[in-house]
Amino acid sequence: MSDYEPKVVCFSCKFGWGYLTDEDTLSRKIDNWVPLICTGKIDATHILDAFKAGADGILILGCPEGDCHYQDGNYEAKKRVYLIRRLLESAGIEKERIRIVLSADPEGESIPRLVDEMRRELAKLGPARKGPAKERKPKEAIKGRGGK
Amino acid sequence: MAKPKIAICWLGSCGGCDEAVVDINEVLLRVADAVDIVLWPVAMDFKYDDVRRMKNGEILLSVVNGNVRNSEQEEIAKLLREKSQLILGFGACACLGGTPGLANLSTKENIFNWVYRDAPTVVNPNGNYPRVASRVNGKELTLPEFYDRVHALNDIIDVDYYLPGCPPPPYLVMYAASAVLENKLPPKGSTLAPNRALCDSCKRNKSKPERISTKEIRRIHEVEADPDTCFLAQGIICLGPATRDGCGEACMNINIPCRGCFGPVEGVEDAGAKFIPALASILDAESDEDITRIVNQFVDPVGYLYRFSLPASMFQKKGER
């Protein structure tokens, strides 16, 4: 599909990303950008909600490891993201649809670039599927049930 | 004065919810004296046509259990909605989609291929598949249409009250029955169960350390779980923090962790998603390798977190736009 443009929702922590640049100026360069205070605030519900609303991928930009203003919010976010990736995978949805980067960019200039990068990766995967559906192969199923 | 009319009906369900109604024991006889049961397919001989002949709203309450996966179930659900003043979604399947809702992880086509072709116990040399209509000896035979996915009851009809559980425990069934008969119902749309989470009433709660943390995720059959200690403190996944209270801790009492049949607590749409931060917070790991190792010990997360609630979850509705 040539006209397919993946939608990325980007959450970023205000303590590490783009705090030196005016938020309004920066937000003009980034679609679906949600700057917030601490990525530890991001609930799995927000992520599923973004998918439900039509996102094809989620990018989370947290502070560098050991640099969380609230001690461990970025670690919490990372663990959640890993769990959600595992959840998606178990349902046959590509785990690459969620990405977390723990780093910092006070000017925020790299945010549009990171979003674009993710968008290009998602374009290879195609749109998020309507529902998970993996075909069950007879042999796999028997093995999964403890048969021979 | 005529006795109020009650219908009890099963759609896509196992019969356990009807059993739960019988489990109120002698009280059922008092209920049967107070009301006129007009439909209860599993226990009494009434026909759907008896219901069709009724006036709209003639039935005071329909207790509907089971989910909706085919056209017959949809038709009966809509019929009962039309004829009833109140609909009580009864049990996890009606409220959330239930265990059969996990079939939504597969497509209709894959299910049919497995059930009628690929399963090792199937012998089907002519490749017969169920069809909505077939002609036999010049006559047309029909079957209900199998839908693409499983629906919770409120996907199909307006539901007034919910009583989750797999199955709902007898004491809540009695509360629900008396609330209807004595006209003491809470606002429409309420769930007739406590609003707090299971952990609030769990007697293992006081055993948990100040901060729970685990370096392993273990499955209940892999370890000998201590019967008095919080499951999460033992590294065993228990959905108690994200699940509504009211089940009577039937699973806890036999040393089985909560599996979430009561669905989300008040105000939460998706219990599985709400559980993820709770679980993440107790994982004692910082490096990518450690987190990956622990997270990979979580076998079949979608099946575990959404065992009873996939059709009603945000996760299921993903991409439905």
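The table below gives the values:
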| quantity | calculated |
| --- | --- |
| Given (1) crowded, with 22+ Cβ neighbours inside 10 Å; (2) closer than 21 Å to A:W33 by Cα; (3) over 10 Å from the mean Cα position of the chain (by Cα), index of the condition A:L87 fails | (2) |
| Looking only at segment A:87-114, and only at residues there that are of a type in the set (S, T, Y) and part of a helix (DSSP H, G or I), the one that is nearest to the other protein chains (Cβ to nearest Cβ) | A:S90 |
| Within segment A:35-66, tally of residues that are in contact with a Phe, Trp or Tyr (Cβ under 8 Å, 6 or more places away or on another chain), of a type outside the set (V, I, T) and not in a helix (DSSP H, G or I) | 7 |
| Positions within segment B:266-321 being within 23 Å of A:A53 (Cα to Cα), part of a loop (DSSP other than H, G, I, E, B) and either more than 7 Å from chain A (Cβ to nearest Cβ) or at pLDDT 95 or above (or both), in sequence order | B:E266, B:G267, B:V268, B:E269, B:Y306, B:S309, B:S313 |
| Residues satisfying the stated conditions in segment A:63-86, i.e. free of Cβ contacts under 8 Å to residues at least 40 places away in the same chain, facing chain B (nearest Cβ under 7 Å) and aliphatic (A, V, I, L, M) | A:L83 |
| Any hit, segment B:202-225, residues being assigned to a helix (DSSP H, G or I) and at pLDDT 95 or above | no |
| Single residue of B:S207, B:S309, B:S313, B:S213 found to be touching a residue at least 12 places away in the same chain (Cβ under 8 Å), polar (S, T, N, Q) and touching a Leu at 6+ places or on another chain (Cβ under 6 Å) | B:S309 |
| Restricting segment B:146-204 to residues that are within 14 Å of another protein chain (Cβ to nearest Cβ) and of a type outside the set (D, E, K, R), the residue that is surrounded by the fewest Cβ atoms within 10 Å (Cβ to Cβ) | B:Y147 |
| Given (1) more than 26 Å from B:A312 (Cα to Cα); (2) at pLDDT 90 or above, number of the condition A:E140 does not satisfy | (2) |
| Residue under evaluation B:P130, criteria (1) assigned to a helix (DSSP H, G or I); (2) surrounded by fewer than 20 Cβ atoms within 10 Å (Cβ to Cβ), criterion not met | (1) |
| Unique residue being of a type in the set (S, T, N, Q), buried (at least 19 other Cβ atoms within 10 Å of the Cβ), assigned by TED's automatic domain parsing to the domain that holds B:D155 and under 15 Å from B:A177 (Cα atoms) when the list is B:S84, B:S62 | B:S62 |
| Residue check, A:I58 at pLDDT 95 or above, among the aliphatic types (A, V, I, L, M) and either surrounded by 14 or more Cβ atoms within 10 Å (Cβ to Cβ) or under 15 Å from A:K7 (Cβ atoms) (or both) | yes |
| Selection count where residues are within 18 Å of the chain's Cα centre (by Cα) and more than 26 Å from B:D36 (Cα to Cα), scope segment B:93-125 | 10 |
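The values are calculated or read from the model by the stated rules, or taken from the named source; none is laboratory data. A quick note: this is a predicted structure, and the numbers were derived from the prediction, not measured. As a convention, Cβ positions derive from the backbone with ideal geometry for all residues, glycine included, and neighbour counts pool all protein chains shown.
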